[in-house]
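First comes the structure, then the notes that go with it.
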Amino acid sequence: MAEIDITERMKQLGIDHTDLEETFARSSGPGGQNVNKVSTAVTLRHFPTGISVTVQDSRSQAVNRKLARQRLLDAIESAQEARRAAEIAEREKARRRKSPRPPALKREILESKRKRGELKKQRAKIESD
């Protein structure tokens with residue numbers, strides 16, 4: 001059932017099995033002879049995005065493979081969401097930049113500039129005769 005869930009998520013995200021590279025290495029940490037002799041650590045890399053995940057949580061390679069796929073899908077999903085949020089923010093920024101200022105705000109800005117100019121004029125050197 002969990003495998004069906006992973007394949008469904010891969011289809012939803014538009015990820016193909018050929019885009020993934022899976023490598024195995026010996027893990028470290030607890031696990032005794034199994035960890036020292038069997039390559040249970042799994043590194044899964046998605047070529048198009050360059051996202052890579054390494055899992056060595058379990059003593060079983062099969063469990064680590066499943067966890068690696070889940071974590072990789074989570075990472076790709078969050079990267080896509082971040083990209084979408086950045087695009088929306090960029091569009092909003094451009095929209096705000098292009099929209100004209102309200103007349104009341106423009107008057108207020110011009111008034112503050114006029115006051116600032118008058119203040120600076122008062123700082124001018126006084127000419128003596």
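Listed values, structure above:
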read-out: Label-point gap, in nm, between Glu118 and Thr49 - each point 7 angstrom along Cα→Cβ; value: 5.9 nm
read-out: Hydrodynamic radius by Kirkwood, which averages 1/r over all alpha carbon pairs of the range 8-50, in angstrom; value: 12.2 Å
read-out: Sulfur and carbon atoms: percent of accessible area, the chain [1.4 Å]; value: 51 percent
read-out: Sorted peptide list for 89-97, 44-52, criterion being average Cβ within 10 angstrom, highest first; value: 44-52, 89-97
read-out: Rounded to 10°, Cα long-axis angle of helix 61-98 versus longest principal axis of the chain; value: 20 degrees
read-out: Accessible solvent surface per residue of the chain, calculated while the other protein chains remain in place, 1.4 angstrom probe, Å²; value: 78 Å²
read-out: Estimated D of the chain in µm² per second, where Rh is the Kirkwood radius over Cα pairs and Stokes-Einstein applies at 25 °C, 0.890 mPa s; value: 122 µm²/s
read-out: Cα-derived Rg to Rh of the range 73-127, Kirkwood definition; value: 1.45
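The values are calculated or read from the model by the stated rules, or taken from the named source; none is laboratory data. All values derive from a computational prediction rather than experimental measurement. So basically every Cβ, Gly included, is an ideal-geometry build from the backbone, and we count neighbours across all protein chains shown. Note: areas computed on protein heavy atoms with side chains; ligands, DNA, RNA excluded. Shrake-Rupley method; radii C 1.70, N 1.55, O 1.52, S 1.80 Å.
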